[in-house]
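Asks: Pasting a structure here, questions to come.
Quick note: the coordinates plus some simple rules give every number you see, no bench work behind them. Model, not experiment: these values are computed from the prediction. Counting neighbours? That spans all protein chains shown, and the Cβs are built from the backbone with ideal geometry, glycine included.
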Amino acid sequence: MATFKDIQLLRTTYLRGPNIWTYRPILEVWLDLGELEQHPSHQLPGFNQRLTAWLPALVEHHCGVGERGGFIQRLEGGTWMGHVLEHIIIELLNLAGMPAEFGQTRETSRSGIYRMVFRCPEETVARVALAQGHALIMAAINDQPFDLKGAIQAIKTAINDRYLGPSTGCIVDAASQRRIPHIRLNDGNLVQLGYGAAQRRIWTAESDQTSAIAEGIAQDKDFTKRLLAACGVPVPEGQVVASADEAWEVAQDIGAPVTVKPSDGNHARGVTLELTQEANIRAAFALAEPEGSEVIVEKFIPGTEHRLLIVGGKLVAATRGEPVSVHGNGQATLAQLVAQLNEDPRRGPEQEYPLDWIDLEKGAVQLELKRQGVTPESVIPQGQSVLLQRNGNMAIDCTDEVHPDVAYYAQLAAKIVGLDIAGMDMILQDVSRPMKEQGGAILEVNAGPGLLMHLKPTSGTPRPVGMAIADHLFPHSEDGPRAGRIPLVGIAGTQGNAFIARLVGWLLQLSGKRTGVASSEGMFLAGRQTQKSNAAHWAGAHRLLTNRLAQAAVIQTTARSILDEGVAYDRCLVGVVTDMAGWEGLADHDVLDAAQMTRVLRTQIDLVLDDGAGVLNADDAQVADLARLCDGEVLFYSQNADNPLIAAHRTEREGRAVFTRLGHVVLATGAKERVLGSLAQLSLAGGQQPEVPALLAAIAAAWALGIAPDLIAAGIKTFDYQTA
């Protein structure tokens, strides 16, 4: 069998925002198939069999056929290797736990050169998936071995290293369901939801409304208890201790059994329960001391540990814990029984698992074993149970069982501490009974609580806690479908676009909104230039959208920026396209004639919100044709009052248009017309006469934003335009 040379990866580009392929981030790869251009899948002996043996779930890929097994049909009928690589990568991502569906492969104008894309929300993960998919396809082509498990693990590792944690991820997903945009602000879990002045920020389950003072209080468990007790919330009696001797003394004073724990630890680290013996209490002090700044000894309260999640003063989820034990069979050692326990698919070391592995080397586990007189090497008799861990295993949903009295005390405790999002650790005999009746107590109040236990309980109903937090940050009563959004205008084309951006920004500013502008002439905020260099690209727009001062934004976009980077925002209120020029400089993207510019610049109109508007140049037929792609209203502008497109738009759709007639600018809605002023009257401050098409585009955009015509006319006359 002949050995084929590797498919060449000519270049890879991560498009971080909406682009010519899709609304979401993708990796675009240019492939040179080389000699494989002459060898589609059905002409490679054994290739299809090897590939489907490694990846049997490829049968689920519908491909263009539109039904289960569609891609297999394409394989058997003969398809090219770029298309196959696309599906291999998608399947590897699926196997690694990142659901993936979208991919496309298109031949370029050069024979054997293809553009292959696939959707992936993280660039590093996308590049690892590409590398593993590339290695797999070449192994299948050349009948060589391939480590599939290793490939999947490499992608999983990249996901765990780079992807948002489950708590942050579920909030972001919920916000996306409400069409609230997000921007990741660092390599960790700091995420901005919304744009500009409408934004909120989250960091795992903390928000920019989470008080630093409240978080500090919650970290000091002893102080928290004193605050709660002062307000009538039941808490266990206890005291901070400075030594093992003092721990034993306090235990004697308050009476055994006791709990020993760090004053400001988390995730149940260093916590030991139900201690009665002096040796055990001293050992527990040694475990707790490294985990916090101080150690607390408190009265042990019998019952089951519960975690109640409070968001915005309301109970949204509750879970119940259970001790972890193994049961002997008279043959296996304790270590072997624990190894079997750790094989439970719900247990694992990463955040995605609701339960942790049991580590026999942990001090708290060793102390439990010592109290029971067993070691990891002990063979556990038939029927005997060995307790391994008493706390930290809250994963049984009990939200529907919570008594209103229990919920009341949890909500009260969150308010006393001052947390908008809080995880309440409570000890209860029965969550469905009143708190004090059963002698229950609040053990801890946690800021930034983990959400995975509510998302993936080991039993019971998963709870939409991410949506509860998204709704808390963006109440439905505020802004409606525009929650998290500011008025955003996107402008694409080449003809006077920097002028259009700045004039629209000025008119928005006059309308009462502090407006930022990112243009080829620099960055502007509230009329002041903050950056002189070109900002008409992804990074410039990104900086503007993260600025909390911006109550509105105007962003100039170029065709090259769309092709090189994608658009920095997900949707816009107004999208403007002025012309289709500039294709001559885009040959490196295989744009070789004017007709291909439609696919590029339609992106700007594809992003218009349903309640927004597309502003299009009716004097350019190719631009005007984009009207069919706009989800919102369409406003045409033209230098010709008799433009047939505008006439049809006005009569057939009662549409709006801006045009010139006999030297005057006219605003029309259906048959109604209003003269804004003559072109001579609409000169800029200092008497400068702008280019008419650019002026009309800016007027149409401002009108689409709801700015009153009188203010538009006055604003034009006061606009002091000087090129940067």
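Asks: Please list, in chain and number order, the residues 5+ apart from L388 or on another chain whose amide H is under 5 Å from its amide H, with Hs placed from the backbone.
Replies: Close amide H contacts, sequence-distant or interchain: V324, S325, V326.
Asks: Using only Cα atoms, what is the ratio of the radius of gyration of the stretch 613-689 to 2.2 N^0.38 Å?
Replies: 1.14
Asks: Can you put K149, K362, K225 in order, fewest other beta carbons within 10 Å first?
Replies: K149, K362, K225
Asks: Also: What are the aspartates and glutamates whose alpha-carbon lies under 16 Å from the alpha-carbon of K221, with same-chain residues fewer than 8 places away excluded?
Replies: Of all the aspartates and glutamates, those that pass the test against K221 - Cα under 16 Å, at least 8 places apart if same chain - are E237, D264, E289, E291, E294, E298, D425, E444.
Asks: Report Rg(Cα)/(2.2 N^0.38 Å) for the stretch 360-514, keeping two decimals.
Replies: 1.78
Asks: Volume per residue, Å³, of the convex hull around the alpha-carbon atoms of the stretch 113-205?
Replies: Taking the convex hull of the Cα positions in the stretch 113-205, it is 123 Å³ per residue.
Asks: I need the peptides 21-27, 643-649 ranked by packing, meaning the mean over residues of other C-beta atoms within 10 angstrom, with the highest value on top.
Replies: 21-27, 643-649
Asks: How much net charge surrounds T108 when only the other residues with a Cβ under 13 Å from the Cβ of T108 are counted, with Lys and Arg +1 and Asp and Glu -1?
Replies: For residues surrounding T108, the net value is -2.
Asks: Check every DSSP H run in the chain and write down those whose alpha carbon atoms cover 30 angstrom or more along the long axis and whose mean Kyte-Doolittle hydropathy is -0.5 or greater.
Replies: Membrane-span-like by this criterion, though nothing is claimed about a membrane: none.
Asks: Tell me, what is a quarter of the convex hull surface for the C-alpha atoms of the chain, in nm² with one decimal?
Replies: For the chain, the mean projected area of the Cα convex hull comes to 38.8 nm².
Asks: Within 10 Å, count the other beta carbons around each residue, average over each peptide in 552-559, 617-624, 454-461, and list them highest first.
Replies: Result, highest mean Cβ count within 10 Å first: 552-559, 617-624, 454-461.
Asks: Taking the alpha-carbon centroid of each part, what is the distance from the stretch 407-451 to the stretch 527-586 in angstrom?
Replies: Measuring centre to centre over Cα atoms gives 48 Å.
Asks: For the stretch 166-207, what Kirkwood radius comes out of the mean inverse Cα-Cα distance, in Å?
Replies: Its Kirkwood hydrodynamic radius stands at 10.0 Å.
Asks: Greater than 23 Å separation of Cα atoms is the criterion. Which listed pairs, K314/K456; K261/K299; K156/K362, meet it?
Replies: Exceeds cut-off: K156/K362.
Asks: Rounded to the nearest Å, what's the spacing between the alpha carbon centres of the stretch 662-724 and the stretch 37-92? Just the number, please.
Replies: The stretch 662-724 and the stretch 37-92 have Cα centres spaced 56 Å from each other.
Asks: Next question, about the same structure. Order the peptides 280-286, 231-237 from the highest to the lowest mean number of other Cβ atoms within 10 Å of their residues.
Replies: Top to bottom by mean Cβ count within 10 Å: 280-286, 231-237.
Asks: Averaging sequence separations of C-alpha pairs under 8 Å and six or more residues apart, then dividing by the length of the stretch 500-592, give the relative contact order as a whole percent.
Replies: For the stretch 500-592, the relative contact order is 23 percent.
Asks: I've got another one for you. Please order I712, I396 by the number of other Cβ within 10 Å, starting at the fewest.
Replies: So the ranking, lowest neighbour count to highest, is I396, I712.
Asks: Could I ask something else about it? Using helices alone, I'd like the mean residue ellipticity at 222 nm for the chain: each DSSP H run of four-plus residues gives -39500 (n - 2.57), total over residue count, nearest 500.
Replies: Result for the chain: -9500 deg cm²/dmol, rounded to the nearest 500.
Asks: Another question, then. In the chain, with Lys and Arg counted as +1 and Asp and Glu as -1 at Cβ, which of these residues, A680, P434, G516, has the Cα nearest the positive end of the dipole, that is, farthest along it?
Replies: Of the options given, the answer is A680.
Asks: Which semi-axis lengths, in whole Å and largest first, follow from the square roots of five times the eigenvalues of the Cα gyration tensor of the stretch 8-162?
Replies: Rounded to whole Å, the semi-axes are 22, 19, 15.
Asks: Tell me the Kirkwood radius of the stretch 1-45: reciprocal of the mean inverse pair distance over distinct alpha-carbon atoms, in Å.
Replies: One over the average 1/r among Cα pairs gives 12.7 Å for the stretch 1-45.
Asks: Next up: Mean separation of Cα pairs under 8 Å and 6+ residues apart, divided by the residue count of the stretch 486-718: what relative contact order is that in percent?
Replies: Reported relative contact order: 19 percent.
Asks: I've got another one for you. How would you rank E298, E584, going from fewest to most other Cβ atoms within 10 Å of each one's own Cβ?
Replies: So the ranking, lowest neighbour count to highest, is E584, E298.
Asks: What are the extents of the Cα atoms of the stretch 486-718 along their three principal axes, listed from largest to smallest and rounded to whole Å?
Replies: Cα spread of the stretch 486-718 along its principal axes, largest to smallest: 43, 38, 32 Å.
Asks: Check cross-link reach from K5 to the lysines: straight Cα distance under 27 Å, and skip same-chain residues fewer than eight apart.
Replies: Here the lysines satisfying the reach criterion relative to K5 are K149.
Asks: What is the stretch 8-162's relative contact order, in percent, from Cα pairs under 8 angstrom and six or more apart in sequence?
Replies: Reported relative contact order: 24 percent.
Asks: When we measure straight from the Cα of K370, which aspartates and glutamates land under 18 angstrom away, once same-chain ones fewer than 8 places off are left out?
Replies: E274, E278, D359, E361
Asks: Related question: Can you tally the net charge around E123? Count Lys and Arg as +1, Asp and Glu as -1, for every other residue whose Cβ sits under 10 Å from the Cβ of E123.
Replies: +2
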